[in-house]
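Structure first, then comments.
We did not get these values from a lab; they are worked out from the coordinates using the rules stated. No experiment lies behind these values; they were computed from the predicted model shown. Counting neighbours? That spans all protein chains shown, and the Cβs are built from the backbone with ideal geometry, glycine included.
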Amino acid sequence: MTERITIIGSGPAGWTAAIYAARAELKPVVYEGAFNEENRQKGTLPLGQLSLTTEVENFPGFPSGDMTGYLDTSIEDSKRRYMAPHGKHGVSGPELMELMRQQAMNFGTRIVTDDIVDIDMSKRPFELTTLSGDKFTSHAIIIAAGARANYLGLPSEDRLKNMGVSACAVCDGALPRFRNHPVVVVGGGDSAMEEANFLTKFASVVYIIHRRDSFRASKIMAERVLSNHKIQVKWNSTVDEVLGDEKTGVTGVRIRSTVDASKTEDVPATGYFAAIGHTPNTDFLKGQLTTNAKGYVVWTTPQRTYTSVEGIFAAGDVADDYYRQAITAAGTGCMAALDAERWLAAQGIE
Ligand code: NAP
């Protein structure tokens, strides 16, 4: 059987595309990704980056309040284990993703918990290969594979991954090695602010290492950080090396001044969190779609989700190095489903 529409990715773009495609009776299948150690380390587990965050305060429709009763009636019990602890806050990232997944399922979306590792775009219908080795064909494809967090690329950073080095405070911050110890966060954007604030729940002090003398982050998030007495900022500094060994893990970082390169300082820390931006998850496309200089999939027609290969559409962060918000990803997911639906109709594929 050839699928009419295959959606690759399980963030807000993928689920919104699925909701629209399912309601158009296109019987979409979503490849939500595989649960494995490689994806955990890369930050590409199912449900995407939002599943690695805490409260989502800016997704319209979810003002602050107690979501418990609503979640009780909208999500299967078995899914509640992924939920962040809840109180009188707005929706959390993992909750929002489970809600979208459930909504897609309610309209008949089929879900496969596996990665797509290859697409043969040279023939129609396209042929897709999964990590498990299955092959199948699909008339239309929506790429909604998202993006993942970057690391600095230092050998010491790589050596100490999972031993104090992380790119996800929300996933790892509560580990015993960080409790009541100093930790560092590298970066000056919203991610760095969010991670630093979150880590103050556990760490004795959080040092933000930033290469300039002002943050890139939004004003509100920067102010929250600057008024938090458990956070200290090391301005104009880059990380030379993550200190520590395989036995004890991270013991600190050596930072160097960007103003006077002869000045270094060793900052003691049991944790090192990279928050320096993202890379789109496009490896499996193997260069078959046109991308921009940063590797993000390019939309070839303004205001349309068309890619350089007809019948393949892109939505969400995999095609967005600028807005990168849950709501924009959801919006482009909707656009991709409508574009795919119209394209399939034009091909006479029902
Ligand atoms: P970002 O805005 O691109 O910021 C990356 C930060 O890392 C910048 O401060 C950058 O420094 C620094 N950096 C990059 N490469 C570096 C290197 N090699 N060495 C040292 N520092 C380096 O990325 P982001 O913080 O992940 O945010 C991405 C998007 O997601 C943004 O649109 C953001 O608003 C959004 N976001 C929103 C929320 C929220 O609203 N709750 C939370 C997280 C993210 P420079 O400033 O010097 O370039």
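By DSSP, the beta bridges lying fully in region 155-274 are antiparallel in about 45 percent of cases. On the beta carbon distance between ALA293 and ASN162, with R0 = 25 Å, the FRET formula returns roughly 0.20. From the largest down, the chain spans 66, 46, 38 angstrom on the principal axes of its Cα atoms. Projecting the Cα atoms of SER74, ALA22, MET105 onto the dipole axis of region 1-136, where Lys and Arg carry +1 and Asp and Glu carry -1 at the beta carbon, places ALA22 farthest toward the positive end. Given their separation in residues at 0.36 nm each and the Cα-Cα distance between them, GLU350 and TYR151 gain 67.2 nm when the chain is fully extended. When the label point is put 7 Å from the Cα of SER204 along its Cα-to-beta-carbon vector, which residues of region 211-239 have a backbone N closer than 20 Å? Flagged as within label range: 228-234. Evaluated with a Cβ-only charge set (Lys, Arg +1; Asp, Glu -1), region 155-274 carries a dipole of roughly 260 debye about its Cα centre, given to the nearest 20. Considering all C-alpha pairs of region 195-350, those separated by over 25 Å amount to 52%.
Taking the Cβ-Cβ separation of ASP240 and ARG110 as r and a Förster radius of 51 Å, what is the calculated FRET efficiency to the nearest 0.05? The partial results should precede the final answer.
Numbers: r = 49 Å, r/R0 = 0.97.
Efficiency, rounded to the nearest 0.05: 0.55.
Each part reduced to its alpha carbon centroid, region 283-315 and region 136-197 end up 25 Å apart. Taking amide hydrogens as placed 1.01 Å from N in the peptide plane, the amide H of VAL112 sits under 5 Å from those of VAL30, TYR31, GLU32, each at least 5 positions away in sequence or on another chain. Straight Cα distances below 19 angstrom link LYS286 to the lysines LYS42, LYS123, LYS135, LYS294, with same-chain residues fewer than 8 positions distant left out. Taking region 295-338 and a reference point 7 angstrom along Cα→Cβ of LYS42, the backbone N atoms nearer than 19 Å belong to 295-298, 314-321.
Full extension of the chain segment joining GLN102 with THR258 gains 51.3 nm, where the gain is 0.36 nm per residue of separation less the Cα-Cα distance.
Annotation: region 1-104 has a Kirkwood hydrodynamic radius of 14.6 angstrom, from the mean reciprocal C-alpha pair distance. Peptide packing: for 111-121, 199-209, the average count of neighbouring Cβ atoms within 10 Å per residue gives the ranking 199-209, 111-121, highest mean first. A simple charge model with +1 on the Cβ of Lys and Arg, -1 on the Cβ of Asp and Glu and nothing else charged puts the dipole of the chain at about 500 debye relative to its Cα centre. Of the GluC sites (Glu not before Pro) found in region 48-131, those that fall in a DSSP loop while having at most 11 other beta-carbon atoms within 10 Å are GLU76.
Treating r as the C-beta distance of THR2 and ARG80 and R0 as 41 Å, the FRET efficiency rounds to 0.70.
Remark: the THR130-SER308 segment gains 61.8 nm on full extension, using 0.36 nm per residue and subtracting the alpha carbon distance. Once every Cα of region 36-190 carries one equal point scatterer and solvent is ignored, give the base-10 log of I(q)/I(0) from the Debye formula at q = 0.14, 0.17, 0.19 Å⁻¹, two decimals. With no solvent term, the Cα-only Debye profile gives -0.93, -1.19, -1.30.
Only helical runs count toward this figure. For the chain, summing -39,500 (n - 2.57) over DSSP H runs of n ≥ 4 and dividing by all residues gives -7000 deg cm²/dmol at 222 nm. The coefficient of translational diffusion for region 155-274, derived via Stokes-Einstein from the alpha carbon Kirkwood radius under 4 °C and 1.567 mPa s, stands at 93 µm²/s.
The label-point distance for ASP72 and ASP266, in a model that sets each label 7 Å from Cα toward Cβ, rounds to 5.5 nm. Under the simplified labelling scheme, the ALA174-LYS219 pair shows an inter-label distance of 3.5 nm, with each label point 7 Å from Cα along Cα→Cβ.
Judged by a Cβ-Cβ distance under 4.7 Å, the unpaired cysteines of the chain are CYS334.
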